[in-house]
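J.: My questions will all concern the structure given below.
The values are calculated or read from the model by the stated rules, or taken from the named source; none is laboratory data. Here the structure is a predicted model, which is why all the values come from computation and not from measurement. Cβ atoms come from the backbone with ideal geometry, glycine included; neighbour counts cover every protein chain shown.
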Amino acid sequence: MRKICIFTGTRAEYGSLYRLMKEIREDSDLELQIIATGMHLSPEFGMTIQEIRADGFEPDETIEILLSGDTPTAVCKSMGLGLISYGDAIQRLQPDIVLLLGDRFEAFCMAAAALVCRVPVAHIHGGETTEGAIDEAFRHSITKMAHLHFASCEAYRQRIIQLGEHPDRVFNVGAIGVENIKSLPLLSREDLEKDIGFDLGDQYLLVTFHPVTLERSTAEDHFKNLLKALDKVTSDSNELMKIIFTKANADTDGRVINYLIDDYASEHSDKAIAFTSMGQLRYLSAMKYASVVIGNSSSGIVEAPCFAVPTVNIGDRQQGRERVVSIIDCDPTRKSVLQSLQKALTSTFRDSLSGMVNPYEKEKTAVSIVDIIKKCDLSKIIKKKFFNLPCH
């Protein structure tokens with residue numbers, strides 16, 4: 001049996017990998033291995049290892065790497081712990097291939113460890129750009145260390161090839177998170193309210209904001225500007241607009257944002273509720289019924305268009321991603337955020353989203369990934385043949 005080792009370090013990443021993990025586990029020719037690390041093992045970030053186990057998966061390795069700080073030095077030390085520990089885990093598990101998703105520092109360290117251990121790497125969501133985050137460099141570095149590439153749209157497949165990866169090893173399979181939306185039986189609005197214990201009112205906003213990690217100490221000012229804009233927004237019936245906050249990841253200055261969220265939700269308990277982790281089902285259900293998705297998370301770019309829900313994308317963190325007409329980009333100022341929110345809430349703008357096509361959507365994403373990994377000759381994949389584009 002071919003041993004496929006799934007690596008996961010964050011709640012969002014696991015939500016996207018869930019369906020793929022099920023496909024691997026149910027395939028009689030494959031053995032699923034799981035390494036869970038990072039925020040999954042941190043009570044501060046929701047101890048989401050419990051969600052993995054509740055879904056019926058038992059990780060083969062659980063590796064703690066996070067420190068109590070979120071400074072650049074603390075992140076560097078976490079990366080060092082990860083690199084040491086992931087190498088040990090690979091030696092114990094002896095996987096045939098490591099499969100990882102995205103662009104975070106945890107995934108970068110895992111790719112480096114696998115490369116040194118001469119284990120092939122399959123990478124999901126390569127070729128994308130996030131010009132405001134250090135993840136941009138991590139993602140492209142993972143691409144150069146990986147051997148199979150599963151891009152979420154054709155533009156990203158072409159960028160991976162532009163980086164020198166051979167076209168025979170680069171596949172446009174769509175975004176696995178989009179496929180999850182189609183396959184999950186989402187909650188009704190009424191059941192969502194009961195599940196989270198919160199009255200969502202006539203309309204509500206879904207807010208997820210992360211630090212822009214290539215900027216120095218801007219998280220607090222930018223997020224305070226967002227909160228000031230939220231205080232000015234009312235629903236169509238001129239009532240207080242309800243707000244669901246999901247907290248920031250374990251990035252530099254992420255805790256600053258989370259402290260501000262806690263303070264705001266405590267002071268405005270009549271209209272706001274905050275979650276360290278909603279879990280995939282509740283988060284996607286909340287997105288489905290939201291009036292607007294706000295912040296700088298990739299979910300506002302990739303998943304929200306599936307529901308024809310407007311996204312107000314703040315600042316530069318997601319600069320460079322493929323976009324559809326439902327995304328309104330704005331500066332991280334109170335005035336710009338408020339103007340964008342007011343535009344997104346108009347019936348004219350919402351009506352304009354009818355019939356739009358999401359470039360990240362394809363059929364059978366998880367099945368395609370599993371099928372390609374099963375058929376690939378892994379014995380000949382470690383030594384990569386690089387592809388040279390013709391010079392102009």
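J.: With the condition kept exactly as written, say whether any residue in the range 52-69 is more than 21 Å from the chain's Cα centre (by Cα), among the hydroxyl-bearing types (Ser, Thr, Tyr) and in a helix (DSSP H, G or I).
T.: Among the residues of the range 52-69, not one is more than 21 Å from the chain's Cα centre (by Cα), among the hydroxyl-bearing types (Ser, Thr, Tyr) and in a helix (DSSP H, G or I), which makes the answer no.
J.: For LEU187, state whether it is in contact with a Ser or Thr (Cβ under 6 Å, 6 or more places away or on another chain) and either touching a residue at least 40 places away in the same chain (Cβ under 8 Å) or crowded, with 19+ Cβ neighbours inside 10 Å (or both).
T.: yes
J.: Are any residues in the range 70-91 surrounded by fewer than 15 Cβ atoms within 10 Å (Cβ to Cβ) and part of a loop (DSSP other than H, G, I, E, B), and if so, which ones?
T.: THR71
J.: Which is of a type in the set (Lys, Arg) and at pLDDT below 95, of LYS242, LYS247?
T.: Details: LYS242 fails: at pLDDT below 95.
Just one listed residue meets the conditions, LYS247.
J.: Would you check which residues across the range 204-221 are buried (at least 22 other Cβ atoms within 10 Å of the Cβ) and either outside the structural domain of THR346 (by TED's automatic domain parsing) or not in a loop (DSSP other than H, G, I, E, B) (or both) and list them?
T.: Across the range 204-221, the qualifying residues are TYR204, LEU205, LEU206, VAL207, THR208, ALA219.
J.: Here's something else I'd like to know. So LYS374 clears everything in (1) within 30 Å of MET21 (Cβ to Cβ); (2) in the same structural domain as PHE245 (by TED's automatic domain parsing); (3) in contact with a strand residue (DSSP E or B) (Cβ under 8 Å, 6 or more places away or on another chain); (4) not β-branched (Val, Ile, Thr) except one condition, right? Which one?
T.: (2) is the only condition that LYS374 fails.
J.: Related question: Of a type in the set (D, E, K, R), under 26 Å from LEU20 (Cβ atoms) and surrounded by 18 or more Cβ atoms within 10 Å (Cβ to Cβ): which single residue out of GLU322, GLU363, GLU303 fits that description?
T.: Just a single option satisfies the conditions, and that option is GLU303.
J.: Now a separate question. Quick check: is even one residue across the range 260-276 assigned to a loop (DSSP other than H, G, I, E, B), buried (at least 23 other Cβ atoms within 10 Å of the Cβ), modelled with pLDDT under 95 and not polar (S, T, N, Q)?
T.: No, the range 260-276 contains no residue that is assigned to a loop (DSSP other than H, G, I, E, B), buried (at least 23 other Cβ atoms within 10 Å of the Cβ), modelled with pLDDT under 95 and not polar (S, T, N, Q).
For (1) among the β-branched types (Val, Ile, Thr); (2) within 13 Å of the chain's Cα centre (by Cα); (3) at pLDDT 95 or above, each residue gets a yes or a no:
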position: ILE90; (1), (2), (3): yes, no, yes
position: LEU93; (1), (2), (3): no, no, yes
position: ILE97; (1), (2), (3): yes, no, yes
position: ASP103; (1), (2), (3): no, yes, no
position: ALA107; (1), (2), (3): no, yes, yes
position: ALA111; (1), (2), (3): no, no, yes
position: LEU115; (1), (2), (3): no, no, yes
position: PRO120; (1), (2), (3): no, no, yes
position: GLU131; (1), (2), (3): no, no, no
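J.: Please find, among TYR264, TYR259, the residue that is over 24 Å from the mean Cα position of the chain (by Cα), aromatic (Phe, Trp, Tyr) and more than 21 Å from TYR289 (Cα to Cα).
T.: Details: TYR259 fails: over 24 Å from the mean Cα position of the chain (by Cα).
One residue alone meets the criteria, TYR264.
J.: Name the residues in the range 31-67 that are hydroxyl-bearing (Ser, Thr, Tyr), at pLDDT below 95 and within 19 Å of LEU100 (Cα to Cα), would you?
T.: Correct list: THR48 only.
J.: I would also like to ask the following. Condition check: within 22 Å of ALA274 (Cβ to Cβ), free of Cβ contacts under 8 Å to residues at least 24 places away in the same chain and either part of a loop (DSSP other than H, G, I, E, B) or in the same structural domain as PHE108 (by TED's automatic domain parsing) (or both). Does MET47 satisfy that?
T.: yes
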